[in-house]
Amino acid sequence: MELLLAIFLVVLTVIVATAFYYEHPKAEIPREFTQRKKLYLLHYLLNFGFGLAKFLEKVGLTTEVHVLRVTMDGLPPLKDNRLLIKDLRFEKVQVRIYQPKIPTTGQRRGVLYFHGGVGLFGSIWAYERTCRYFARKSNSVVVSVGYRLAPEYPYPAQFEDCLAATTHFLRTAEDYGVDPTRVVICGDSSGGTLTAAVAQAMVNRKDLPKLRAQILIYPFLQGVDFNLPSYQQNKGVPVLLKERTLILGLKYLNKDLSVMNEIFKGVHVPEDLQLKYQKWLSPDNIPEEFKTRGYKPRKIYPSSEELYAKAKPIFDPVFSPLLAEDTVIPQLPEAFILTCEFDVLRDDGLLYKKRLEDHGVKVTWCHLEDGFHGTVFLAHYGSMLSFQSGNKGLQNVVNFLKST
């Protein structure tokens, strides 16, 4: 018994040491963040999860991605008698529909939700609490889309599933008591990427009702410049460290991680594309108040055609919706964009906001001054894991939904 206990303690020590070796030194939480101790605790928990996942993969017991999927799914919530919940398929895409049981005099609003997780993890189960909340609080029919995940289903299968589910729902909305002219698409993080990409893909569909609005919650929108002010200022802020952002993005695209350092330098962007994207991605388009925490214009390095060829999917608007052509942007539906001050992706949202507004698209902007990446997702997990910013973000999304 003592031998087994000793072995267990040794294994546990290795796991914890591995976790801190891989992740802990990279955490840099700004002093301006008001709930620093709590965020550090969350960081330690995440480090343990990532370290455990790496350890179990190295010893051949399972894969890192599988461990992260199970962890993110968490424990299922208790039954909610206020909602009618059904698991269905739209075409071949798995969906879960949440319908409020309270009577209504007319058709409801419809919301399609695309979950986050970099296309690698996340699920209908992980976002059960989020979708229930939106259905109850906004009196909407919510459709959570269980799109296929990489690496089993390579990019862009995730986008294709979200587009197929959206198309199907717009055609059949009335079957679920939904007004087809009041369908909103919504997503957080990489789900925000998918939301923006689907909205762009729908602009020329004359055979379907127009989307009423798009909701982008701290979205990833471009893979061109990883040295924007928010990437510099928040590179070590949990949960989405700068390095982790690119690692997961490259895994999603099934690309070699050896190109990371060169992509951070911008070497993957040819000179002609640098000139083309400058008008959309220039830090000059970011308000000065977001540069006060320390920002240095990046050094320009010679581009590499070889690296561009390897990284070409990064420039696809499906992966980087901020790179869509000017002919597409003016046709997009009204938008709600949520950004967080302490998030590497903050400036993606700010740049997309400006671009939409410059083309006459109405934007409702919610900026969480004490927010970080993932805070909205955590809002349903009790006082230990939830933050004030997440609760505020949720309420702002609901307020926007009620206005559509």
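What follows is calculated from the coordinates using simple rules that are stated; it is not laboratory data. Computed from a prediction, not measured in an experiment: that's the story for all the values here. When we count neighbours, we look across all protein chains shown, and the Cβ atoms used for this are built from the backbone with ideal geometry, even at glycine.
Other residues within the sphere of radius under 15 Å centred on the Cβ of Asn227, judged by their own Cβ, net out at +3 (K and R +1, D and E -1).
Summing Cβ point charges (Lys, Arg +1; Asp, Glu -1) relative to the Cα centre of the chain gives a dipole of roughly 1020 debye.
Evaluated at 10 °C with a viscosity of 1.306 mPa s, what Stokes-Einstein diffusion coefficient in µm²/s does region 67-125 have when Rh comes from the Kirkwood expression over alpha-carbon pairs?
115 µm²/s
Proximity of backbone amide H atoms, modeled 1.01 Å from N, is registered between Gly371 and Glu341, Phe342 at under 5 Å, excluding neighbours fewer than 5 places apart on the same chain. Note on the chain: with a GNM built from Cα contacts shorter than 10 Å, the maximum mean-square fluctuation among Asn234, Asn204, Asn81 falls on Asn81. The per residue volume of the convex hull around the alpha-carbon atoms of the chain is 152 Å³. Between the amide H of Gly74 and any residue lying 5 or more places away or on another chain, no distance stays under 5 Å, with hydrogens modeled in the peptide plane.
GNM on the chain, alpha-carbon springs under 10 angstrom: the most fluctuating residue among Pro219, Pro302, Pro317 is Pro302. Loop-located GluC sites (Glu not before Pro) across region 295-404 with a Cβ neighbour count of 11 or fewer within 10 Å are Glu325, with loop assigned by DSSP.
Report D for region 201-316 in µm² per second (integer): Stokes-Einstein, Kirkwood Rh on Cα pairs, 37 °C, 0.692 mPa s. Once the numbers are plugged in, D ends up at 204 µm²/s. Dipole orientation for the chain: of the candidates Ile217, Leu385, Tyr308, Leu385 has the Cα lying most toward the positive pole (charges on Cβ; Lys, Arg +1; Asp, Glu -1). Work through the residues other than Leu345 whose Cβ is under 13 Å from its Cβ and net out their charges, Lys, Arg +1 and Asp, Glu -1. Overall, the nearby charge balance is -1. The order of the peptides 192-198, 252-258, 224-230, 177-183 by mean Cβ neighbours within 10 Å, most packed first, is 192-198, 224-230, 177-183, 252-258.
Per-residue 3J(HN,Hα) values for region 222-230, derived from phi via the Karplus relation 6.51 cos²θ - 1.76 cosθ + 1.60 with θ = phi - 60°, read 7, x, 8, 10, 9, 10, 4, x, 5 Hz in sequence order (x marks Gly and Pro).
Toward the positive end of the charge dipole of region 108-163, with +1 on the Cβ of Lys and Arg and -1 on the Cβ of Asp and Glu, the farthest Cα among Val118, Ala157, Ser140 is that of Ser140. Only Cα pairs under 8 Å and 6+ residues apart enter the sum, and on that basis the relative contact order of the chain stands at 15 percent. For region 82-158, the relative contact order is 36 percent, taking Cα pairs closer than 8 Å that sit 6 or more residues apart in sequence and dividing their mean separation by the residue count.
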